Every structure is written in C-alpha cells, then in structure tokens.
Amino acid sequence: MPFAARCSSCAGASRFTGRYEAGGLLTVYCPFCGKQDTRVIDSRLASEGAQVRRRRECNDCGERFTTFESPELVMPRIIKSNGAREPYDESKLTGGIMRALEKRPVESERVDAALTRLQHRLRASGEREIPARQLGEWVMNELRQLDQVAYVRFASVYRSFEDVNAFREEIEKLESEPTAEERKNQISLLPDE
C-alpha cells in the first residue's frame, strides 16, 4: 500500500512516496538520492496525536529528512440541503473557516486545532453520512470560540440573513452569552468525563 509524505528538509515543496512491503514493513525512498535504504532516527507524535513524525536518514547518501504519517480514515459523506450527497472535502471546510476569519487576529495554531477537532468529531460520529446542517452548526460552535466577528460572518452566510434585524438578533444572542474567559472560569456542575 503506497503512502505519501512531506519532506520537511525540502521546505514542504517536495512529496515522495514509500511502500508497505509484505509483513507490514515500510520502505521509504530518500528524496535526495532515490534509494530505499533509509532508517528511522526518531519518532514522535504530532498534530495532537493524529500524525507520527519520523526523522529519517538515508544510509546511502547520509541526508536526513522528516516524514509525517497519518492514517487514511474514511470520512462521512455530506448530505447537502438539496439532498445531494458529496464526499467530505477538507479544503471546503478550511476555506469557509478561513474566509470567516479573514483579517481577524486569530493565531493559526488555534485555527488548526479547531479544524482538527471538527475532523475528529466527524470521524467519531460513526455515521456514514452527515447532514451539512449539522457540520455547519459544529463549525459555528468552533468559530464562536475563536472569534465572535468571524462567527457572525459565517452565520450570516450559513443562515442566509435577509436583513439587518437578523444580524442584530445574532449579536444580541452573542452578547447575552458568557465570554470565553468567563466560561473558562466557571465551575462545572457535571463531573469531568
């Protein structure tokens, strides 16, 4: 079974392949000389445990490079409002969130963590198909935590606000909710799971 990995020593621009051989052994080809005689020097978890980062060295040319391995899990199909079904598209999800966050002061690490949580939630649902409406609600919940302006931007498109009153109602709902700082300082009434 082939896999693709990103070579960090090539500034991420190069992709190279490896292959799982009989018995589950992984053969990785060196991106510098093309030989398959490489060895793992170091392995660590990355991306909140979703990937394995491996530092490798080519036994032929001596160059070092990094691979990131992640499982290819089947994501549920998305059921659009018109009933059409389409495969989950990570770039659509990322693009929608990034458009809502455009020119907002949100760190990229927080955005990446939100995307990872959304993808984990999709996989953990155990469903083969998820309504787009459900995914949209999850996205709005994540955006509400990241940035309230981005949340209102996304909600205005997602919920098809027709006039200024719809904006006003959504903003009033936001103002009545506790801030992220206030939520963090609240004492939980339920035991931690």
Conditions: (1) closer than 30 Å to Val40 by Cβ; (2) in a loop (DSSP other than H, G, I, E, B); (3) within 18 Å of the chain's Cα centre (by Cα). Gly126 meets all but one. Number of the miss? (1)
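Rundown of residues vs (1) free of Cβ contacts under 8 Å to residues at least 40 places away in the same chain; (2) over 25 Å from Ala46 (Cβ atoms); (3) in the same structural domain as Glu48 (by TED's automatic domain parsing); (4) not polar (S, T, N, Q), yes/no style:
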site: Glu86; (1), (2), (3), (4): yes, yes, no, yes
site: Ser108; (1), (2), (3), (4): yes, no, no, no
site: Ala113; (1), (2), (3), (4): no, no, no, yes
site: Arg117; (1), (2), (3), (4): yes, no, no, yes
site: Gly136; (1), (2), (3), (4): yes, yes, no, yes
site: Asp147; (1), (2), (3), (4): no, yes, no, yes
site: Ser156; (1), (2), (3), (4): yes, yes, no, no
site: Phe161; (1), (2), (3), (4): yes, yes, no, yes
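Conditions tested, residue by residue: (1) assigned by TED's automatic domain parsing to the domain that holds Gln119; (2) at negative phi; (3) assigned to a strand (DSSP E or B); (4) at pLDDT 55 or above.
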residue: Gly12; (1), (2), (3), (4): no, no, no, no
residue: Phe16; (1), (2), (3), (4): no, yes, yes, no
residue: Arg19; (1), (2), (3), (4): no, yes, yes, no
residue: Cys30; (1), (2), (3), (4): no, yes, no, yes
residue: Gly34; (1), (2), (3), (4): no, no, no, yes
residue: Asp42; (1), (2), (3), (4): no, yes, yes, yes
When only residues in segment 166-193 that are modelled with pLDDT under 75 and polar (S, T, N, Q) count, which is nearest to Thr94 (Cα to Cα)? Thr179
Of everything in segment 62-88 that's among the aliphatic types (A, V, I, L, M) and not in a loop (DSSP other than H, G, I, E, B), which residue is nearest to Asp37 (Cα to Cα)? Ile78
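The values are calculated or read from the model by the stated rules, or taken from the named source; none is laboratory data. Computed from a prediction, not measured in an experiment: that's the story for all the values here. A quick note on method: Cβ atoms are made from the backbone with ideal geometry, for glycine too, and the neighbour counts reach across all protein chains shown.
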